[in-house]
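Q: Attaching a single structure in structure tokens format; questions to follow.
Bear in mind these aren't lab numbers, they're just calculated from the coordinates by the rules spelled out. Everything numeric in this text was worked out from a predicted model, so none of it was measured. Ideal geometry is used to build each Cβ from the backbone, glycine not excepted, and the neighbour counts take in all protein chains shown.
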Amino acid sequence: MSKAIARKVLKDERDAISRLITRIDNNFNTVVNAICKVGGRVIVTGMGKPGFIAQKISATLSSTGTPSLYLHPAEALHGDLGRVAKDDCVIALSNSGETEEILKLLPALKKIGVTLIAMVGNVKSTLAKNSDYALDVSVEREACPLGLAPTTSTTAMLAFGDALAVALLDRKGFKEKDFAFFHPGGILGKRLLLKVGDIMRTGRANPVVTRDMPVKRVLLAITNARAGSASVVDSKGRLVGIFTDGDLRRHLEAGDDLVNKKVKDVMTVRPTVINKNRLAAEALHILQSKKIDEIPVVDDKNRPIGLLDVQDILKAGLV
């Protein structure tokens with residue numbers, strides 16, 4: 001029985017969202033244009049369950065390039081109305097369109113001169129009639145079998161709010177780098193903002209050796225640095241090769257008197273390199289595509305200034 005009820009709830013909410021598609025019309029475009037012209041913020045308000053949806057819509061708007069805040073209508077009646085300015089836009093959520101706390105705000109909002117958008121389940125309601133624009137999010141019925149608990153109606157508001165936010169994102173030309181700017185603590189922010197120079201190994205952790213150095217000294221330098229490779233340079237400090245764990249294993253398997261050889265005779269020449277100003281996400285792609293564990297970081301004169309290991313990327317939380 002419980003499974004049947006749950007399936008019916010999801011079906012009812014799915015159908016309600018599907019019916020919203022036909023309401024994306026010229027009026028919707030007009031609302032998007034009106035919000036784009038707002039010089040201030042988009043203030044979203046709602047009471048009860050629609051209030052929670054209003055908070056989510058406001059958060060989505062803010063993170064996608066439309067400055068927004070949530071205003072509790074009851075608190076607004078007791079001083080928080082001071083947060084609202086003439087250049088703002090107010091989106092008011094109410095299924096009935098007759099929510100007392102919101103209707104009490106109407107005279108003050110009109111006096112302030114904001115652009116008022118109603119997101120309502122009844123376009124003939126008091127709220128809708130007294131708004132500059134009305135968005136119809138009406139549903140045939142609530143998923144609640146009693147027809148009382150806001151279920152389908154709040155789902156419709158949430159979905160329509162997402163549609164509005166994404167339409168605004170597109171209209172404003174909001175890009176991934178903009179999204180990352182507002183999400184510096186998330187994985188996407190790290191992928192788009194973190195640079196190689198932010199996480200590369202430098203100083204003693206970046207072993208740099210000359211090409212005539214014997215392998216046994218190179219191995220000591222690698223061990224002391226707790227690295228997996230050493231960058232090999234010429235007399236002018238320019239990178240000419242890299243000696244890695246892979247080079248060590250290959251030559252040991254060949255039975256060479258490896259430790260007494262000069263590193264230039266066993267190193268990998270013309271290694272893959274990267275600049276410190278490149279994104280760490282690019283470095284990760286290079287490491288994965290070339291199936292290597294480390295990459296030297298060089299300056300404009302091809303001098304090794306750092307070393308980036310796949311473990312450094314893991315520690316940074318990019319994967």
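Q: With contacts defined as alpha carbon pairs under 8 Å and 6 or more residues apart, what's the relative contact order of the chain in percent? Don't skip to the end; give the middle numbers.
A: Values: 551 pairs, mean separation 42.9, N = 319.
Rounded, it is 13 percent for the chain.
Q: Would you calculate the volume per residue, in Å³, of the smallest convex hull containing every Cα atom of the chain? Please list the in-between numbers first.
A: Details: hull volume 65.4 nm³, N = 319.
Each residue corresponds to 205 Å³ of Cα convex hull volume.
Q: Right, another one. If each of Lys172 and Cys144 carries a label point 7 Å out from its Cα toward its Cβ, how far apart are those two points in nm?
A: Each label point lies 7 Å from its Cα, and together they span 3.4 nm.
Q: Distance from the Cα centre of region 197-220 to that of region 140-166, in angstrom?
A: A separation of 61 Å, based on Cα centres.
Q: I need to check one value: relative contact order of region 196-315, counting alpha carbon pairs closer than 8 Å and at least 6 residues apart, in percent. Please list the in-between numbers first.
A: Numbers: 210 pairs, mean separation 37.7, N = 120.
So the answer I get is 31 percent.
Q: Of Phe28, Val269, Val298, which is farthest along the charge dipole of the chain in the positive direction, counting Lys and Arg as +1 and Asp and Glu as -1 at C-beta?
A: Result: Val269, furthest along the dipole toward the positive end.
Q: In debye, nearest 20, what is the charge dipole magnitude of the chain about its Cα centre with +1 on Lys and Arg Cβ and -1 on Asp and Glu Cβ, if you could check?
A: Dipole magnitude for the chain comes out near 780 debye.
Q: Mind checking the dipole of region 2-174: about its Cα centre, +1 per Lys or Arg Cβ, -1 per Asp or Glu Cβ, Debye to the nearest 20? Show your work: numbers first, answer last.
A: Numbers: 21 positive and 17 negative charges, 39 e Å.
Roughly 180 debye, rounded to the nearest 20.
Q: Excluding same-chain residues fewer than 8 positions from Lys8, which lysines have a Cα within less than 24 Å of its Cα?
A: Cα-Cα hits under 24 Å: Lys49.
Q: In sequence order, what are the phi-derived ³J(HN,Hα) couplings for region 111-120 according to the Karplus relation 6.51 cos²θ - 1.76 cosθ + 1.60 with θ = phi - 60°, rounded to whole Hz, with x for glycine and proline?
A: Per-residue couplings from phi come out as 5, 5, x, 6, 7, 10, 10, 9, 10, 10 Hz.
Q: Sticking with this structure for a sec: Among the aspartates and glutamates, which have Cα under 15 Å from the Cα of Lys301 when same-chain residues fewer than 8 positions away are ignored?
A: Asp234
Q: Using the Cα centre as the reference, give the magnitude of the dipole from point charges on the C-beta atoms of region 196-315 (Lys, Arg: +1; Asp, Glu: -1; all else neutral), rounded to the nearest 20 debye.
A: Working: 21 positive and 16 negative charges, 56 e Å.
Result for region 196-315 is approximately 260 debye, rounded to the nearest 20.
Q: For region 196-300, what number of Lys pairs, 8 or more residues apart or on separate chains, have alpha-carbon atoms under 16 Å from each other?
A: Count of close lysine pairs: 4.
Q: For helix 49-63, report the angle its Cα long axis makes with the longest principal axis of the Cα atoms of the chain; keep it between 0 and 90° and round to the nearest 10°.
A: 40
Q: What is the angle, in °, between the Cα long axis of helix 215-225 and the longest principal axis of the Cα atoms in the chain? Nearest 10 is fine, range 0 to 90.
A: Orientation of helix 215-225: about 30 degrees from the principal axis.
Q: Test of understanding: ordering Ile242, Ile292 by Cβ neighbours within 10 Å, fewest first, what list do you get?
A: With the fewest neighbours first, Ile242, Ile292 line up as Ile292, Ile242.
Q: If you don't mind, there's one more thing I want to ask. Using only helices, what value at 222 nm comes out for the chain when you add -39,500 (n - 2.57) per DSSP H run of length 4 or more and divide by the total residues, to the nearest 500 deg cm²/dmol?
A: Computed mean residue ellipticity for the chain: -12500 deg cm²/dmol.
Q: Å³ per residue of the Cα convex hull, for region 196-315? Before the final figure, lay out the partial values.
A: Values: hull volume 11.3 nm³, N = 120.
Per-residue hull volume (Cα only) is 94 Å³.
Q: What is the set of long-range amide H partners of Gly306 at a cut-off below 5 Å, with H atoms built 1.01 Å from backbone N?
A: Counting only residues 5 or more places away or on other chains, the set is Val297.
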